Amino acid sequence: MEIKDKELDHGVLKVTMTGSLDVAGSDVADAHFAAIDQSKTRIVADLTHVDFLASVGIRVLVKTAKALGARGGKLVLLNPNDAARRVMFTTGLDRIVPIADDEQSAVIAAS
C-alpha cells in the first residue's frame, strides 16, 4: 500500500491510496490515518487505485470515519472501483461514509 497526502481547498486533506486494502495494506492505512486524524478533520480518501477491499479495510475506513466524526469532521470516499463499491453497498458502509465520484463532489461532501 502506497499512500500520498495532498491539501485541497477548504482545509480538506486528500489521502490517495494505491494497492490493496487487505491485511497488510490496512495496517499501513490504519497507521497513516491515525497519524493525521488529530490535525485534520476533513479527509477525502481517494480509492481510485485501490484494487481490493477486504473486511479489515472496511474496518479501517469505519474506524477513521468515527474518529473524525467524534471531532466534528468527516471522511469521504472518492471513486472506489465497481467491486469495492459493491462491497460498500452490501456491508452498509455507504450509510456510514459518503461516497463521491469526483473530487469536487468529495470536497463539498467533506466540508
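The values are calculated or read from the model by the stated rules, or taken from the named source; none is laboratory data. Bear in mind that the values here come from a model prediction, so they are computed numbers and not experimental data. We place every Cβ from the backbone using ideal geometry, glycine too, and count neighbours over all the protein chains shown.
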| With respect to the numbered conditions (1) assigned to a helix (DSSP H, G or I); (2) in contact with a strand residue (DSSP E or B) (Cβ under 6 Å, 6 or more places away or on another chain); (3) surrounded by 23 or more Cβ atoms within 10 Å (Cβ to Cβ), which one is the sole condition not fulfilled by Leu61? | (2)
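Out of Thr64, Thr41, I need the residue that is among the hydroxyl-bearing types (Ser, Thr, Tyr), touching a residue at least 12 places away in the same chain (Cβ under 8 Å) and more than 23 Å from Thr91 (Cβ to Cβ). Which one? Quick ask: steps written out before the conclusion?
Numbers: Thr64 fails: more than 23 Å from Thr91 (Cβ to Cβ).
Answer to the selection: Thr41.
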| field | Index of the failed condition, Ser111 passing every other in (1) hydroxyl-bearing (Ser, Thr, Tyr); (2) surrounded by fewer than 15 Cβ atoms within 10 Å (Cβ to Cβ); (3) free of Cβ contacts under 8 Å to residues at least 12 places away in the same chain; (4) more than 24 Å from Asp27 (Cβ to Cβ) | value | (3)
| task | Give the residues of region 1-40 that are at pLDDT below 95 and among the hydroxyl-bearing types (Ser, Thr, Tyr), sorted by residue number. | result | Ser39
| said: Please determine whether any residue of region 81-103 is surrounded by 19 or more Cβ atoms within 10 Å (Cβ to Cβ) and in a loop (DSSP other than H, G, I, E, B). | reply: yes
| message | Can you find, within region 27-64, the residue that is nearest to Gln104 (Cα to Cα) among those that are under 10 Å from the mean Cα position of the chain (by Cα) and small (Gly, Ala, Ser)? | response | Ala45
